[in-house]
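Contents: one structure, followed by commentary.
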Amino acid sequence: MDTLLEWRKEFPILDKTVYMISHSLGAMPRRTSLRLQEYADLWATRGIRAWDEGWWNMPVQIGDLIGNIIGAGPGEVVMHQNVSICQSVIASCFDWSGKRNKIVSESLNFPSNLYIYHGLEKVGARLVTVPSEDGISVPLEKMLQAIDEQTQLVSISHVIFLSSFIQDVRAIVNRAHEVGALVVADIYQSAGTVPLNVRELDLDFATGGSVKWLCGGPGAGYLYVRRDLWPGLEPRLTGWMADREPFAFEAGPIRYAPDAFRFLNGSPNIPGLYAARSGYEVIAEVGADNIRAKSIAQTSLLIDLALEAGFKVNAPRDQNKRGGTVAIDVPNGKEVTRELLSRDFLVDYRPRAGIRVAPHFYSKNEELELIIREIRKIIDTGTYGHPSRASA
Ligand SMILES: Cc1ncc(COP(=O)(O)O)c(C=O)c1O
């Protein structure tokens with residue numbers, strides 16, 4: 001008896017689709033509509049007073065809900081719009097012109113992150129990316145070897161977005177700290193499906209967003225910074241909310257706030273935060289360990305079914321090294337994906353990975369069988385027809 005299936009009532013789209021895309025856009029909880037209505041009602045009835053009556057503190061208040069999920073303390077997480085901004089805020093805290101100018105990352109890190117670090121090459125940074133040998137995993141030894149006394153920042157994805165490979169964050173943090181480097185983990189593909197604790201991992205920074213496993217919708221990314229680092233970090237990507245007295249409206253230079261507000265910049269995306277809140281609440285209620293136990297069982301089943309059907313699977317076989325997504329690599333994967341979408345099987349396609357399929361706590365085992373059968377049917381009947389229009 002799978003008691004988590006009780007949650008299906010909370011997600012309207014599950015009645016109409018086989019929803020296997022929570023690695024990309026988690027299903028919307030029913031209560032999100034109420035939250036967004038609350039936002040509109042407050043604005044409509046309280047006007048400008050809404051800032052004092054809740055909006056101003058939302059970036060930290062909603063951050064606390066995330067903190068609860070990822071093991072951060074109260075006031076240690078601030079909300080931004082997305083991961084790209086959070087990574088840029090972090091990168092802007094450092095001087096890249098000196099001897100300690102190296103950034104170590106993996107070639108399978110999310111492209112936004114690498115784009116930002118490549119940009120820093122113009123101001124003196126040296127980016128070293130450790131390649132994957134199999135397109136799935138990142139060789140730990142090579143990561144550790146790349147981190148040396150000239151390394152300022154190590155930037156890793158906890159779970160690799162293409163293959164779902166889980167990196168050994170603790171080993172990487174230990175090595176980085178040994179040589180005086182700091183570590184940022186992109187936890188977008190772990191928070192909400194693979195339990196983690198930023199304090200136990202001794203991370204310096206962590207960032208992620210709400211769109212995927214947390215079912216919080218677009219427009220809300222989060223940034224955790226280890227508390228003892230705050231006084232020494234002065235982001236150049238900044239704004240008036242980061243000043244210690246924003247309502248003094250004094251001309252610069254900025255005097256950074258002593259708390260996590262120092263990592264904010266301009267006005268926050270308030271409606272995005274209202275929407276995100278409902279997702280975070282649901283995930284906390286369901287419980288990270290319950291989600292993980294079910295995810296391991298379902299991704300294992302999915303891999304077995306895919307292999308039985310004769311498909312190639314681009315995901316780690318070891319369940320302890322695998323996050324919530326299974327990439328299934330079939331010929332004409334992009335076109336097959338388009339056909340699946342038109343039949344209400346919601347998945348996506350990524351080059352070098354395949355069709356990404358992700359059950360979440362609200363998924364039924366029978367849906368896994370259905371999707372594998374559907375992929376087989378599409379391939380056998382050749383009904384994917386028209387390459388190139390595929391949205392992926
Ligand atoms: C691991 C990871 N990091 C970052 C992103 C993108 O983040 P954002 O759009 O919030 O900048 C994604 C997916 O979109 C992702 O999977």
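Which fully enclosed strands (runs of 3 or more DSSP E) of region 120-230 have 2 or more residues being within 16 Å of the ligand (Cβ to nearest atom) and either at pLDDT 95 or above or touching a strand residue (DSSP E or B) at 6+ places or on another chain (Cβ under 9 Å) (or both)?
The strands (runs of 3 or more DSSP E) meeting that bar are 151-157, 182-186, 205-209, 221-225.
Tell me yes or no: at least one residue of region 305-316 is among the basic types (Lys, Arg) and either more than 19 Å from Ile136 (Cβ to Cβ) or within 19 Å of the chain's Cα centre (by Cα) (or both).
no
This table checks each residue for (1) open to solvent by less than 50 Å² (accessible area, probe 1.4 Å); (2) aliphatic (A, V, I, L, M).
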| residue | (1), (2) |
| --- | --- |
| Met79 | yes, yes |
| Cys86 | yes, no |
| Phe110 | no, no |
| Gly124 | yes, no |
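Return the pairs, sorted by first residue and then second, in which the second residue is open to solvent by 10 Å² or more (accessible area, probe 1.4 Å) and aromatic (Phe, Trp, Tyr), the first residue lies in region 178-199 and is closer than 19 Å to Ile90 by Cβ, the beta carbons are less than 8 Å apart, and the residues are 6+ apart or on different chains.
Asp186/Phe110; Tyr188/Phe110; Tyr188/Phe161; Gln189/Phe161
When you check Gly75 against the structure, is it in contact with an Asp or Glu (Cβ under 8 Å, 6 or more places away or on another chain), of a type outside the set (Val, Ile, Thr), over 30 Å from Thr337 (Cβ atoms) and surrounded by fewer than 17 Cβ atoms within 10 Å (Cβ to Cβ), yes or no? Even if it seems obvious, please write down each step before you answer.
Working: in contact with an Asp or Glu (Cβ under 8 Å, 6 or more places away or on another chain): yes; of a type outside the set (Val, Ile, Thr): yes; over 30 Å from Thr337 (Cβ atoms): yes; surrounded by fewer than 17 Cβ atoms within 10 Å (Cβ to Cβ): yes.
Against the criterion (in contact with an Asp or Glu (Cβ under 8 Å, 6 or more places away or on another chain), of a type outside the set (Val, Ile, Thr), over 30 Å from Thr337 (Cβ atoms) and surrounded by fewer than 17 Cβ atoms within 10 Å (Cβ to Cβ)), Gly75 qualifies.
Residues in region 25-37: is at least one in contact with a strand residue (DSSP E or B) (Cβ under 8 Å, 6 or more places away or on another chain) and crowded, with 17+ Cβ neighbours inside 10 Å?
Yes; the residues of region 25-37 include at least one that is in contact with a strand residue (DSSP E or B) (Cβ under 8 Å, 6 or more places away or on another chain) and crowded, with 17+ Cβ neighbours inside 10 Å.
Could you check how many residues of region 300-328 are of a type in the set (Asp, Glu) and either over 25 Å from Gly192 (Cα atoms) or modelled with pLDDT under 95 (or both)? So that I can check it myself, show each step before the final result.
Residues of region 300-328 of a type in the set (Asp, Glu): 304, 308, 318.
Filter once more, so that each one left must be either over 25 Å from Gly192 (Cα atoms) or modelled with pLDDT under 95 (or both): 308.
Total meeting the criteria: 1.
Regarding Ile103, is this residue farther than 26 Å from Ile172 by Cα, of a type in the set (A, V, I, L, M) and outside any loop (DSSP other than H, G, I, E, B)?
no
Can you report the number of residues in region 297-320 which are in a helix (DSSP H, G or I) and touching a strand residue (DSSP E or B) at 6+ places or on another chain (Cβ under 8 Å)?
Counting residues in region 297-320 that are in a helix (DSSP H, G or I) and touching a strand residue (DSSP E or B) at 6+ places or on another chain (Cβ under 8 Å) gives 6.
Within the group Gly272, Gly310, Gly239, which residue is surrounded by 13 or more Cβ atoms within 10 Å (Cβ to Cβ) and within 30 Å of His360 (Cβ to Cβ)?
Just one listed residue meets the conditions, Gly272.
Please go through region 41-63 and give me each residue that is open to solvent by less than 60 Å² (accessible area, probe 1.4 Å) and either within 15 Å of the chain's Cα centre (by Cα) or closer than 20 Å to Asp259 by Cα (or both), ordered by number. Steps first, please.
Taking region 41-63 and keeping what is open to solvent by less than 60 Å² (accessible area, probe 1.4 Å), we get 42, 47, 50, 54-56, 58-60, 62-63.
Answer for region 41-63, where residues must be open to solvent by less than 60 Å² (accessible area, probe 1.4 Å) and either within 15 Å of the chain's Cα centre (by Cα) or closer than 20 Å to Asp259 by Cα (or both): Gly54, Trp55, Trp56, Met58, Pro59, Val60, Ile62, Gly63.
The values are calculated or read from the model by the stated rules, or taken from the named source; none is laboratory data. Note that the coordinates shown come from a computational prediction; the quantities given were computed from them, not determined experimentally. No Cβ is skipped: glycine too gets one built from the backbone with ideal geometry, and neighbour counts run over all protein chains shown. Heads up: the accessible areas ignore ligands, DNA and RNA and are worked out on the full protein's heavy atoms, side chains in. Shrake-Rupley method; radii C 1.70, N 1.55, O 1.52, S 1.80 Å.
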